[in-house]
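Please read the structure below before turning to the comments.
The values are calculated or read from the model by the stated rules, or taken from the named source; none is laboratory data. Being a predicted model, the structure only gives us computed values, none of them experimental. FYI the Cβ positions are ideal-geometry reconstructions off the backbone, even for glycines, and counts take in every protein chain you see. In case anyone asks, the SASA skips ligands and DNA or RNA and just uses the protein heavy atoms, side chains included. Shrake-Rupley method; radii C 1.70, N 1.55, O 1.52, S 1.80 Å.
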Amino acid sequence: MASKVEEEIRRLSVELRFLEQTAEAIRSRSNMVNAVITDLTYADMTLEGLEKEKENSELLVPIGGNSYIKAKLDNPDKVIVGIGAGVSVEKTLQEAKEIVKKRLENLEKTRTSLQQQFAQVAERINEDRGKFEELAAKLRKGKTPKNV
Amino acid sequence: MSEEISKLPPQVQERLLRLQQLQQTLQSVLAQKQQVELELTEIEQASSELQKLADNTVIYRAIGSLLVKAEKAKVTADLNERKELLNMRTTVLGKQEERLRGQLKDLQAKLQQDLSPVSPS
C-alpha cells in the first residue's frame, strides 16, 4: 500500500516539475510577445501621428539614452518597414499602417492562446499539488502508528 | 541526494556524471538548433516577402544599427547564401542530436542495470 502511494507521489513530483517548467516557458514567451506588442503599439501610434504631419515638419528623433537629434520630415508618405532577417522595405504610410495592424492582430491571437495554455497548465499544477498533499498526508498517517 | 550518490560504486557515479554531461550537451545542441531554425524561418519569410516586391522597390539592409540602401537582387542572393549555410548547420546539429540521444539511451540502459539490484525490492 505504502509503496503504491510512494510511487504515485514520485510520479506526481516528476509531473509537477515538468508542468512548472512548461508554465515558466509559457510565461517567458508571453513576456516576449507582450514586449513586441508594446513596441508595435508604439509604432502604430507614431504612424498615426505622422499622418497628420506635413513635409519639412521639425522632428526630434530619439537616439537612446533619452537623447534626441533634430531632423526634418523629408517625405511623410514613405516609411521603412522591417521584414525580418535585417531587411527593410520602403512602404507608403498606409501600407506600413496595415502591416503593423496585421502584426498586432496576429500577436494578440498568440497572446490569447498563450494565456489559455498557461491557465490549463496552472489548473493542472493546482490539481497535482492537491493530490500530492493528500497522498503525503496519507503516507504520514500510515507511517506514524508503526513508529509508536 | 548527493550523499546518496556518494554511496554508489565509483563506476556508477561516473556513469551518472557522464549522463548529466550528455544531457547538458544535448540541451545546448537543441538550443542551438532552435536558434538556427528560428533564423531560417525568418529568412524564409523575408525572402518570400522580397519576391512579392517589384525589382525597383527601395530596400534597406541593416548593418548594426544603420540601415543601408541595397538592391533587391543582392539582398536576395545574400539571404539565399545565409539560408544554405544555416541549412548545413541544421544538418550537422541534427546529426549531433541523434548521436547524443543514442549515447544517452545506451547510458540510461546501463545505469538502469547498475541500479536495479540496489533499489529496494
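A single member of B:SER116, B:SER65 is open to solvent by 100 Å² or more (accessible area, probe 1.4 Å) and among the hydroxyl-bearing types (Ser, Thr, Tyr), and it is B:SER65. Restricting attention to segment A:87-106, which residues are in contact with a strand residue (DSSP E or B) (Cβ under 6 Å, 6 or more places away or on another chain) and surrounded by fewer than 19 Cβ atoms within 10 Å (Cβ to Cβ)? Within segment A:87-106, A:GLU90, A:LEU93 meet the criteria. Elements of the type strands (runs of 3 or more DSSP E) sitting completely within segment A:52-148 and holding at least 3 residues that are within 30 Å of B:ALA77 (Cα to Cα), away from chain B (no Cβ under 14 Å) and in contact (Cβ under 8 Å) with a residue 40 or more places away in the chain: there are none.
The residue that is most open to solvent (accessible area, probe 1.4 Å), counting only those in segment B:32-49 that are closer than 13 Å to A:GLY86 by Cβ and more than 7 Å from chain A (Cβ to nearest Cβ), is B:GLU39.
The criterion of being charged (D, E, K, R), within 27 Å of B:VAL68 (Cβ to Cβ) and surrounded by 15 or more Cβ atoms within 10 Å (Cβ to Cβ) does not hold for A:ASP39.
Per this entry, B:VAL58 is not counted among residues that are within 30 Å of A:PRO62 (Cα to Cα), under 27 Å from the mean Cα position of the chain (by Cα), facing another protein chain (nearest Cβ under 8 Å) and not hydroxyl-bearing (Ser, Thr, Tyr).
Residues in segment B:69-86 include at least one that is surrounded by 11 or more Cβ atoms within 10 Å (Cβ to Cβ), aliphatic (A, V, I, L, M), in contact with a strand residue (DSSP E or B) (Cβ under 6 Å, 6 or more places away or on another chain) and outside any helix (DSSP H, G or I). Residues being surrounded by fewer than 11 Cβ atoms within 10 Å (Cβ to Cβ) and over 27 Å from B:LEU93 (Cα atoms) are represented in segment B:10-29 by at least one member.
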